[in-house]
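The values are calculated or read from the model by the stated rules, or taken from the named source; none is laboratory data. Bear in mind the structure is a predicted one, so any value in this text is a computation, not a measurement. Note: ideal-geometry Cβ built from the backbone for every residue, glycine included; neighbour counts use all protein chains shown.
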Amino acid sequence: MRAVNRRIFPLILVGVVSLVSTTSHAAEREDAIAAGKAVMAALAEKNFALIWDTLASDTFKKAGSRESFVTGFPELRRKIGRLRSSNIAHVLYSPPRADPKMKETYSVVFENVYATGLLGFFSTGTLTEQIVLIEENGLFKMLGWALPLP
């Protein structure tokens, strides 16, 4: 009987640790999705200063300046009309890499419908946009923005 208990206890322990890990990963995923939605809402409202000041990661900020982002990024979105609808297409998780600089990331991919398209780039008004997020100081912040190729 004792031999059975010795084998069962480690299995129970592994199960409990796995359950706690899965629960925390699910909560982390939801936090990343909420951060991605906040960035997408700010993009739709063309509030680029808010993105830079509060939603962008320090890593993202090191790659440029506030001035270039706040004045340059709107040029990319100038011809895109008002956001009509936005749905999450999927969420991608990338675990930490061996390089200590490469932390885990989440990519929230949105299927967005705009009032007008950008002629020559997308004319249907539908655009897939991806917000890449990284955790900094306990909060998910934007690491990047992308237009995934179809």
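Would you call residue 34 within 27 Å of residue 125 (Cβ to Cβ), out of contact with any helix residue (DSSP H, G or I) (no Cβ under 6 Å at 6 or more places or on another chain), modelled with pLDDT of 90 or more and assigned to a helix (DSSP H, G or I)?
For residue 34, the condition - within 27 Å of residue 125 (Cβ to Cβ), out of contact with any helix residue (DSSP H, G or I) (no Cβ under 6 Å at 6 or more places or on another chain), modelled with pLDDT of 90 or more and assigned to a helix (DSSP H, G or I) - is met.
Suppose we filter segment 47-61 for residues that are out of contact with any helix residue (DSSP H, G or I) (no Cβ under 6 Å at 6 or more places or on another chain) and more than 16 Å from residue 133 (Cβ to Cβ); how many remain?
Taking segment 47-61 as the starting set, the residues that turn out to be out of contact with any helix residue (DSSP H, G or I) (no Cβ under 6 Å at 6 or more places or on another chain) are 47, 53-54, 56-61.
Retained after the next criterion (residues that are more than 16 Å from residue 133 (Cβ to Cβ)): 47, 53.
Within segment 47-61, residues that are out of contact with any helix residue (DSSP H, G or I) (no Cβ under 6 Å at 6 or more places or on another chain) and more than 16 Å from residue 133 (Cβ to Cβ) number 2.
Pull up segment 62-82, narrow it to residues that are free of Cβ contacts under 8 Å to residues at least 40 places away in the same chain and either among the aliphatic types (A, V, I, L, M) or within 25 Å of residue 138 (Cβ to Cβ) (or both), then point me to the one that is surrounded by the most Cβ atoms within 10 Å (Cβ to Cβ).
Among those residues, the one meeting the criterion is 69.
Please go through segment 48-61 and pick out each residue that is surrounded by 15 or more Cβ atoms within 10 Å (Cβ to Cβ) and free of Cβ contacts under 8 Å to residues at least 40 places away in the same chain.
Listed by number, the residues that qualify are 48, 50, 52, 61.
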